[in-house]
Structures are given as C-alpha cells and as structure tokens.
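Right, one structure below, let's go through it.
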Amino acid sequence: MWNRRQLLKSSAVGFGYLALASMLNDEANAATTDPLAPKQPHFAPRAKRVIFLFMKGGPSAVDTFDYKPRLQADDGKPCPFDKPRVQFAPTGNLLKSPWKFAKHGDSGLWCSELFPNVARHIDDLCILSSCHGTNAAHGGALLKLHTGSDNFTRPSMGAWVAYGLGTENRSLPAFVTICPTLAHGGMKNWGSAFLPAEFEGTPIGNASVPADQAKVKYIANTRTTREQQRLELDLLSEINRDHLTQTGPHAAMEARINSFELAFRMQSQMPEVEDLAQESAATQKLYGLDDPVTTNFGRQCLMARRFAERGVRFIQVTHSDAFVQWDQHGDLFKGHTKNSKEVDLPIAGLLTDLKSRGLLDDTLVLWGGEFGRTPVSQGGRDGRDHNPEGFTMWMAGGGVKRGFKYGATDDFGYYAVENKLHIHDVHATMLHLLGLDHLRLTFRNAGRDFRLTDIHGDVATGILA
C-alpha cells in the first residue's frame, strides 16, 4: 500500500501527462473543426508569411534591375538572334533603356534611376534575374503566376499557403488581397478553386477603387449588439448543422458555416487594421501618404504591414488601374516613369518599416509582374512588347540571401540563360521558405493529387541564406 505522499510523488508526472494530453486534444479538435487552425510546416521555416507586391502589366527588367551595356551600345540594330516563335505582337529593332543605371550599396548591384528609394535597400534584395514563363498574354500569364496554370482554374498560391499553414490569427483571414485587379482572370487569381472555400483570398477593395475606400463591406453592425449577433449565429449554425446530419458531409455548407464564424470574429479586428489614422505622422510619411502621387499604393503597403504583424499568412498588394498599369507598348518613358514614382517610395517605406520592427527576417517580400518586356522596340521607338522569356522578380527577407543577384538573361535581356527560374520554381522556392515541401503539399481532386507546382518545380537553393 502507498501512503498519500508516495502516491502524489509517483503520479506527479502522470498529472502533467494528463494536462498535456488535454491540451493536445483541444488543439486536435480545433484543427478538425477549423480548417484555418495553425498547422505545422513540413520542416523548420525561414519565413512565416508572404507579402506579394504585384506590378500588373509587366515591368521592364532592362529598364529597372537588369542592366545591359550591350543593349545600350547596339541601340537601333536588328536583334542578333531569333525572336521567340510565339510573340504577342510584331516588334522592331533593339531599344536601349532611356534611364541611367548605377551600382548601389555594398553589394554593388545595378538599379536604374526609376527606383532611387528602393535602390537604398539594394543590400536587402535578392534579385532574381532569370525568371521565365510560358504565356505571352496577360490573362494566361496572370493565372500562371498566381495559380501555376495558365488555362485551368486552380487554387491560387495564397490559398495553397493558407491550406498548408493555416492562420496565426483566427480573427482575420489567412489570405487577403488588397485592391486586386478584376481583369485577366479576376477572382481566379485569388480563389481557392477545388480547395475548401475557407482558403480563398479575402479582397479588400479592387483596382478600380481608391485605396482609402478599400474596406471590407458590412464589417460594422450598428443595429444589433454583439451578444444578439452571437445568439443569431448560434441559431443559424444549429439549423445548418441539423441539415448536415440529414444530408451528410457537404463541403459548401461547412464552408458557409465557417465563413459566418470568421465574419463574426473579424468585426473585432478588421476595423482596427483598416484604420491607418492610428499610425504616426512619421510612419504615414514614410509610406508616402502625404503625397498624392504615392498615397494610393502607400496606403496598400502600410495596410499590408498591419496585416503581416497581426498574423495573416499571405498578403497581396496590387499596383494596377482598372485594366493594366505597366503595359507600355507605347509611351514607355511616360508610363514607366509614372508607375515607378507611384510605387518606389511606398516599397522602400515598407522594407524600412518591416526591418525596424524585426518583421523582415520572417516575412518574405516578393516583387514582380506576370512577365517582363522585350529589349526590342514596339510602337515606334517608345514601347516594348510582352516578354515571358526572361524577366526579373526580387525577394527580400524571409531567409533569402541579401544583396545578391541570382541567374542572368542574355546580353540584351531577352532570354533567361543562367540558373533559369520558371514560375513553378519561384513557387517551389516560396513554399520552401515557408517550411513547405511543394511535392508534399497536395490536395486530391477528381481522382488525382494536385499541387501548386503541378508536376514541375525545383527549389532555387542558391538563393537561400
């Protein structure tokens, strides 16, 4: 027989085990009832979240981050090699960049005068100079960039990230897209397709709406108290659950129930996130909110930081007008000058702010468009056509090398030729930085396993810090 002291001593570990088992059981129940509950990555992540700065229309690499001395020297001459078999439109001879390039930072990486503020952060950038895709049209290229497929409806990369990792904040969506474009695929670019609907992106406004008007609709209910809303929602949930017991599992109904619950929780945090007046005057100036040229994109970038620090997994910020923004088939000088002035200071402000708050280390910032532009002319001597054959994107933070250039295009900037990075490779690398193996992140649909990278994709290990 054990006395009381012996019993407590010998069973102390057991009490701890029971407590742990209870905690693990609660966590398991949350994971089964809430699809957005946090999930363990496949391996140790370098980044916890992504901010994607999408430049819709296709910024020109040879005018921004990919300096080509040969292009400058051979301006006006015929292209010395065959142009792509499939082109979007007829093009002419070589066209030099009208902007000056210079080396910046300790890394000595090249940047054009279009981005003087981003250039000050060049030592934080990992410039991917050898990106390439498979579609020369905006619609297909946008879908390829966002979903990995240019001709089928597939889940967007933000939806895959939410599916793989869940959310760190149950009172906000796991994936938000700020002022997204409604053209060239529209909501398919932030949709969940055959993934459960909970992983779809939540749009905040759209590209046709000024950023200061980009709000989640109906987020505030002034007619009923929170307690009354809770009672109403509980009754609705009970009715829907009763319906499910009669009909059996139904993904759409489950998603609707979960969407009601998320919308209820969002009322407690979303208005505060959207209220940029809480930010200091210095911070607002950092993002360019005091200048009509930069205020629109600056508001989006500042909101992205506010979402990031509150645990949202994937935040997309889109620079676009109602249709296409960086698509200068003509008026290249005027168009790219205007576009870069609108985004340069806000992007630099975002990088500065993330870094000062200790967020850049575990936030992956991705910048780029759906393709680049040709080094040959179009529309006279002041335009460039679409070019998916070789273009530039860049990453910052989130476990990538800093002040580093990866890959290269040919001497004129037409084709990716060294350490080529297909969009599938960009996706695989992004997922790897988040601790997700793109080969294992799958979802079974219509009799086969799908993934963001389909049957392709390699991680660019050369850019990992």
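The values are calculated or read from the model by the stated rules, or taken from the named source; none is laboratory data. Quick caveat, the model's predicted, so the values are computed rather than measured. Cβ placement follows ideal geometry from the backbone for every residue including glycine, while neighbour counts extend to all protein chains displayed. What goes into the accessible areas is simple: the full protein's heavy atoms, side chains included, and nothing from ligands, DNA or RNA. Shrake-Rupley method; radii C 1.70, N 1.55, O 1.52, S 1.80 Å.
Just to be sure before I move on: is ASP82 more than 30 Å from THR181 (Cα to Cα), open to solvent by 90 Å² or more (accessible area, probe 1.4 Å), at pLDDT 95 or above and more than 25 Å from the chain's Cα centre (by Cα) in the structure I sent? Give the derivation first.
Values: more than 30 Å from THR181 (Cα to Cα): yes; open to solvent by 90 Å² or more (accessible area, probe 1.4 Å): yes; at pLDDT 95 or above: yes; more than 25 Å from the chain's Cα centre (by Cα): yes.
Considered against the rule, which asks whether it is more than 30 Å from THR181 (Cα to Cα), open to solvent by 90 Å² or more (accessible area, probe 1.4 Å), at pLDDT 95 or above and more than 25 Å from the chain's Cα centre (by Cα), ASP82 comes out as yes.
Name every residue in the stretch 404-433 that is buried (at least 19 other Cβ atoms within 10 Å of the Cβ) and touching a Phe, Trp or Tyr at 6+ places or on another chain (Cβ under 7 Å), in order of residue number.
Of everything in the stretch 404-433, just one residue is buried (at least 19 other Cβ atoms within 10 Å of the Cβ) and touching a Phe, Trp or Tyr at 6+ places or on another chain (Cβ under 7 Å), namely THR409.
Being out of contact with any helix residue (DSSP H, G or I) (no Cβ under 8 Å at 6 or more places or on another chain), more than 21 Å from ASN419 (Cα to Cα) and open to solvent by 10 Å² or more (accessible area, probe 1.4 Å) is the filter here, so list the residues in the stretch 380-391 that pass it.
GLY380, ARG381
Take the conditions touching a helix residue (DSSP H, G or I) at 6+ places or on another chain (Cβ under 8 Å) and either of a type in the set (A, V, I, L, M, F, W, C) or open to solvent by 30 Å² or more (accessible area, probe 1.4 Å) (or both) and apply them to ASP106. Does it pass?
Yes; evaluated as a whole, the condition is true for this residue.
How many of the residues in the stretch 138-190 are modelled with pLDDT of 95 or more, part of a loop (DSSP other than H, G, I, E, B) and over 28 Å from ARG299 (Cα atoms)?
Residues in the stretch 138-190 being modelled with pLDDT of 95 or more, part of a loop (DSSP other than H, G, I, E, B) and over 28 Å from ARG299 (Cα atoms): 3 in total.
Any residue that is over 18 Å from the mean Cα position of the chain (by Cα) and without any contact (Cβ under 8 Å) to a residue 24 or more places away in the chain - is there at least one of those in the stretch 427-442?
yes
Name the pairs whose Cβ atoms lie under 7 Å apart, with the first residue in the stretch 385-398 and under 20 Å from ALA136 (Cα atoms) and touching a residue at least 40 places away in the same chain (Cβ under 8 Å), the second part of a strand (DSSP E or B) and charged (D, E, K, R), and 6 or more positions between them or separate chains?
Final answer for the pair search is ASP385/ARG373; HIS386/ARG373; ASN387/ARG373.
Among (1) under 24 Å from TYR163 (Cα atoms); (2) in contact (Cβ under 8 Å) with a residue 60 or more places away in the chain; (3) surrounded by 15 or more Cβ atoms within 10 Å (Cβ to Cβ); (4) out of contact with any Pro (no Cβ under 9 Å at 6 or more places or on another chain), where does THR283 come up short?
For THR283, the exception is condition (1).
Does the stretch 50-79 hold any residues that are among the basic types (Lys, Arg) and either within 31 Å of the chain's Cα centre (by Cα) or under 30 Å from ASN296 (Cα atoms) (or both), and which are they? So that I can check it myself, show each step before the final result.
Residues of the stretch 50-79 that are among the basic types (Lys, Arg), as a first pass: 56, 68, 70, 77.
Passing the criteria: LYS56, LYS68.
Would you confirm whether or not the stretch 105-123 contains a residue that is without any contact (Cβ under 8 Å) to a residue 12 or more places away in the chain, of a type outside the set (Ser, Thr, Tyr) and outside any helix (DSSP H, G or I)?
First pass over the stretch 105-123, keeping only residues without any contact (Cβ under 8 Å) to a residue 12 or more places away in the chain: 108.
After this cut, where a residue has to be of a type outside the set (Ser, Thr, Tyr) as well, the list is 108.
Imposing the further condition that a residue be outside any helix (DSSP H, G or I) reduces the set to 108.
Yes, the stretch 105-123 has at least one match.
Within the set of pairs 6+ apart or on separate chains, which have a first residue in the stretch 185-202 that is more than 15 Å from ARG256 (Cβ to Cβ), a second that is of a type in the set (Phe, Trp, Tyr) and in a helix (DSSP H, G or I), and C-beta atoms under 6 Å apart?
That search, which allows pairs on different chains as well, returns LEU195/TYR163.
Restricting to the stretch 36-50, name every residue that is open to solvent by 70 Å² or more (accessible area, probe 1.4 Å) and either in contact with a strand residue (DSSP E or B) (Cβ under 9 Å, 6 or more places away or on another chain) or small (Gly, Ala, Ser) (or both).
If the condition is that a residue be open to solvent by 70 Å² or more (accessible area, probe 1.4 Å) and either in contact with a strand residue (DSSP E or B) (Cβ under 9 Å, 6 or more places away or on another chain) or small (Gly, Ala, Ser) (or both), then ALA44, ARG46, LYS48 are the ones that fit.
Provide a single number: the residues in the stretch 446-465 that are open to solvent by 50 Å² or more (accessible area, probe 1.4 Å) and not basic (Lys, Arg).
8
Given the criteria modelled with pLDDT under 95, touching an Asp or Glu at 6+ places or on another chain (Cβ under 7 Å) and surrounded by fewer than 19 Cβ atoms within 10 Å (Cβ to Cβ), does ALA263 qualify? Give the steps one after another, and end with the answer.
Values: modelled with pLDDT under 95: yes; touching an Asp or Glu at 6+ places or on another chain (Cβ under 7 Å): no; surrounded by fewer than 19 Cβ atoms within 10 Å (Cβ to Cβ): yes.
In short, no.
Let me confirm something: among GLY349, GLY358, GLY298, GLY335, which residue is open to solvent by less than 60 Å² (accessible area, probe 1.4 Å), out of contact with any helix residue (DSSP H, G or I) (no Cβ under 8 Å at 6 or more places or on another chain) and farther than 25 Å from GLY379 by Cβ? Spell out how you get there, then give the answer.
Values: GLY349 fails: out of contact with any helix residue (DSSP H, G or I) (no Cβ under 8 Å at 6 or more places or on another chain); GLY298 fails: out of contact with any helix residue (DSSP H, G or I) (no Cβ under 8 Å at 6 or more places or on another chain); GLY335 fails: farther than 25 Å from GLY379 by Cβ.
Step by step, each of GLY349, GLY358, GLY298, GLY335 is checked, and only GLY358 is open to solvent by less than 60 Å² (accessible area, probe 1.4 Å), out of contact with any helix residue (DSSP H, G or I) (no Cβ under 8 Å at 6 or more places or on another chain) and farther than 25 Å from GLY379 by Cβ.
Would you mind finding the one in ARG230, ARG265, ARG241, ARG305 that is out of contact with any Leu (no Cβ under 7 Å at 6 or more places or on another chain), part of a helix (DSSP H, G or I), of a type in the set (Lys, Arg) and within 27 Å of PRO180 (Cβ to Cβ)? Steps first, please.
On the way: ARG230 fails: within 27 Å of PRO180 (Cβ to Cβ); ARG241 fails: within 27 Å of PRO180 (Cβ to Cβ); ARG305 fails: out of contact with any Leu (no Cβ under 7 Å at 6 or more places or on another chain).
Just one listed residue meets the conditions, ARG265.
Kindly provide the set of residues from the stretch 85-104 that are touching an Asp or Glu at 6+ places or on another chain (Cβ under 6 Å) and part of a loop (DSSP other than H, G, I, E, B), ordered by number.
Residues satisfying the conditions are PHE88, ALA89, THR91, LYS96, SER97, TRP99, LYS100.
Only one of these is hydroxyl-bearing (Ser, Thr, Tyr), assigned to a strand (DSSP E or B) and at pLDDT 95 or above: THR337, THR392. Name it. Even if it seems obvious, please write down each step before you answer.
Values: THR337 fails: assigned to a strand (DSSP E or B).
Step by step, each of THR337, THR392 is checked, and only THR392 is hydroxyl-bearing (Ser, Thr, Tyr), assigned to a strand (DSSP E or B) and at pLDDT 95 or above.
Which one of the conditions (1) over 14 Å from the mean Cα position of the chain (by Cα); (2) farther than 21 Å from HIS427 by Cβ; (3) open to solvent by less than 10 Å² (accessible area, probe 1.4 Å) does PHE371 fail to meet, given that it meets all the rest?
Failing condition for PHE371: (2).
Run down PRO203, PRO271 and say which single residue is in a strand (DSSP E or B) and open to solvent by 50 Å² or more (accessible area, probe 1.4 Å).
Values: PRO271 fails: in a strand (DSSP E or B).
One residue alone meets the criteria, PRO203.
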